[in-house]
Amino acid sequence: MSSRPGRSSPSRRAALVGLCTAATLVWLAFSNLGVALPTIATELSVNLTDMQWANNALSIACGTLLLAGGRLTDLYGHRQMLLLGLLIFGVAALATAFTPNLAGLVAGRAMMGVGSALILPATLAMIPALFDRAEQPSAFAAWTAASWAGQSVGPAIGGTLTTLLGWRSLFWLTAPVVLVLYLTIRRDAPTATRRYGRVDLLGLVTGGGAALCLLFALTEGQRVGFDDPLIITLFAASLALTAAFIFVERRISDPLVNLRLFRTRSFDGALIVNLTMNMSFAGALFVLSLYLQDVRGYTAFIAGLILIPAAATILIFNTIGARILTRHDPRAPSIWGLVLVGLGSIAISTLLPALSVLAVILGLLVIGAGLGLLSVPVADTIVAGPPTTLAGTASGVYKTSSMLGGALGVVLLTAATTRFGRAEAAPVSTAAGLTEAESNQVVNALTNSQTAREILAKLPAGERAVVVRVYDQAFSDGASIALVLGGVIALAGAVLAGWIWPRRKGQRTKNPRP
């Protein structure tokens, strides 16, 4: 690895700004589509289940390839992989801006996920290369603050752009930002010496295939039913591929993921915190975005603004988490932060719909405090704890757990919302004259979508108004149950991580060297 620049090196500061900007850009792409979904669904005439594929395509592609991206970072260097990732990300975003249909939107988002799979591990792995061990918590704090800021303000930015310039602006405006960022990284980022090795293609196929089968089954199962033979087969294939991946990685001489990473209990505990935190938060954010627009009737812009408050407490407690890390064990802020995430989600559910928007804001403030508290300790434990030669792989594992957790959370909480909503609203809608299939379509499509309006237009005005009110109430009740599920996931993760992650006394140690 190249030597670190001096403490006051302007190039190092510029490189860190570039890393943070890249992380912000990626997380904006992940989060800003949510509030635009109803608008896109209306223009492209698709339903909620179809739009989940557009929303999840980036996460699924990124989550599938992050392990390979981390390994490539270790082999070819963080700078080279970051530049390549930015190139793919920017070109894919520009192409997506001109897509005429859902297939193009899903494909474009998937290609942006490919670029993200190179960008995220490269930006994280560059921090140990740029900074001494004592300085790394501050650098991770800057990176995580940028990431959370991008994810938190993403809905607001997405809503603003969708309202003012149309949803396609979410993509074509990315191109000039990527160009500036590409030139900055190329000028200021440090290089790394190439290491001998290769990418484990068998591990990539088995590990990526396992994730893809699982996420496909969870998403498609909502449409065709989880007892469908195809869905059952996909679940079985995911389990088989997971077993095959572990078998391959334990025996191959140059594995995609060095399994000795998982021999450290603090690494495992931090991964559990990261996985369950993303499941809870991403799922809650997605459900709340739909609730605010479909039930409360807010525009994409207003819905995005309402979801911003979490950013304030994230940024405040992000600094607190970094300070605790430099003086104490990272275990406590990680676990207690996850507890706050769970309690915040349950609080929103408890207060809905009586307090509605106020409940959402108060709950998000609590969730944001938890996210900020745990972010730096978790990132530092996972990325900076292992040997520096495995920083890219560790970063890939870290972000894979983020991507898969987020996608799983969206699928699970959306499934809970629509499942309970369908059960509550179906009798009323069928009594009004809709078939069971039409009733299910309305649940999946959202009552404010074009698809739902076309189906409901068959009913007399009076009965239509009654059915809409029932569906709104059913969606509200379903969202409340889903938020409780998200809170339980976070609290269960905190208990499990607390059991696995040992307490540590004494000063933080330097990165171990191989």
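The values are calculated or read from the model by the stated rules, or taken from the named source; none is laboratory data. This structure is a prediction, so every number in the text was calculated from the model and none was measured. Backbone-built Cβ (ideal geometry, glycine too); neighbour counts: all protein chains shown. SASA here: full protein model, heavy atoms, side chains in, ligands and nucleic acids out. Shrake-Rupley method; radii C 1.70, N 1.55, O 1.52, S 1.80 Å.
Calculate, in nm to one decimal, what Thr42 and Val180 gain on full extension: separation in residues at 0.36 nm each, minus their alpha carbon distance.
Length gained, Thr42 through Val180: 46.3 nm.
Would you mind listing how long segment 300-410 runs along its three principal axes, going by Cα atoms, in whole Å with the largest first?
Each principal axis gives a Cα extent; for segment 300-410 these are 52, 30, 23 Å.
Hey, what's the Cα Rg ratio for segment 355-417 versus the globular rule of thumb, 2.2 N^0.38 Å?
1.49
Test of understanding: what is the full-extension gain from Leu259 to Thr299, defined as 0.36 nm times their sequence separation minus their Cα-Cα distance?
That works out to 9.7 nm of additional length.
In the full protein assembly as shown, how much of Ile316 is accessible to a 1.4 Å probe, in Å² to the nearest 10?
Accessible area of Ile316: about 100 Å².
Could you work out how far apart the two model spin labels at Val495 and Asp228 are, taking each label as a point 7 Å from the Cα in the direction of the beta carbon, and quote it in nm?
3.4
Accessible area per residue, 1.4 Å probe, Å², for segment 116-235: what's the number?
Heavy-atom SASA per residue in segment 116-235 reads 40 Å².
Between Asn101 and Arg198, how high is the FRET efficiency from 1/(1 + (r/R0)^6) when r is the Cβ-Cβ distance and R₀ = 45 Å? Nearest 0.05. Write down the numbers at each step before the final one.
Details: r = 38 Å, r/R0 = 0.85.
Once the sixth-power term is evaluated, E becomes 0.70.
What is the Cα coordinate range of segment 245-328 on the first, second and third principal axes, sorted by size from largest, in whole angstrom?
Here the Cα extents, ordered largest to smallest, are 56, 36, 17 Å.
Which order do the peptides 115-123, 351-359, 318-326 take when ranked by the mean count of other beta-carbon atoms within 10 Å per residue, highest first?
Packing order, densest peptide first, comes out as 115-123, 318-326, 351-359.
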